[in-house]
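Written out below as structure tokens is the structure these notes cover.
The values are calculated or read from the model by the stated rules, or taken from the named source; none is laboratory data. Source: prediction; values computed, not measured. Backbone-built Cβ (ideal geometry, glycine too); neighbour counts: all protein chains shown.
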Amino acid sequence: MDFQITYDYLNPNGVMTWGDNSNLSTDIFNSLNIKQGSFFQNLSFGSKLYTIKTLSQAQTLIVQQYAEQALGWMLTAGYATEIDATCSIQNNAYVVGINVTQASGIEQNYSFNMSLNNGTFLLVGPQ
């Protein structure tokens, strides 16, 4: 079982549930993009990235830490043996790099942009 987002005409923004959908990039995107405390089945799921309000070099370490914290459940659940996040600033956006070593030993790399939009950062990616 894994997190799954379903969409229909009644819920165009999607409804998050448990399902048989197992997709690492979706799991990473959801973990980073969902506000911590808002997922009905696990209030510790999600990230604190929504609290980032400014674009500065000093904030890159905090963004990196929040990303790693949000993905910590993958280590606990045994899906991954190692998770590393990086953060830099490019083109007026944070670029968050995620490197996941899966339990099978396969290493996957992802990159997400966090762009300033009306005073908050929105995760758009992967790239």
So, of the residues in the stretch 47-103 that are small (Gly, Ala, Ser) and assigned to a strand (DSSP E or B), which turns out to be surrounded by the fewest Cβ atoms within 10 Å (Cβ to Cβ)? SER88
Among the numbered conditions (1) hydrophobic (A, V, I, L, M, F, W, C); (2) within 22 Å of GLY105 (Cα to Cα); (3) at pLDDT 90 or above, tell me where ALA58 comes up short. (2)
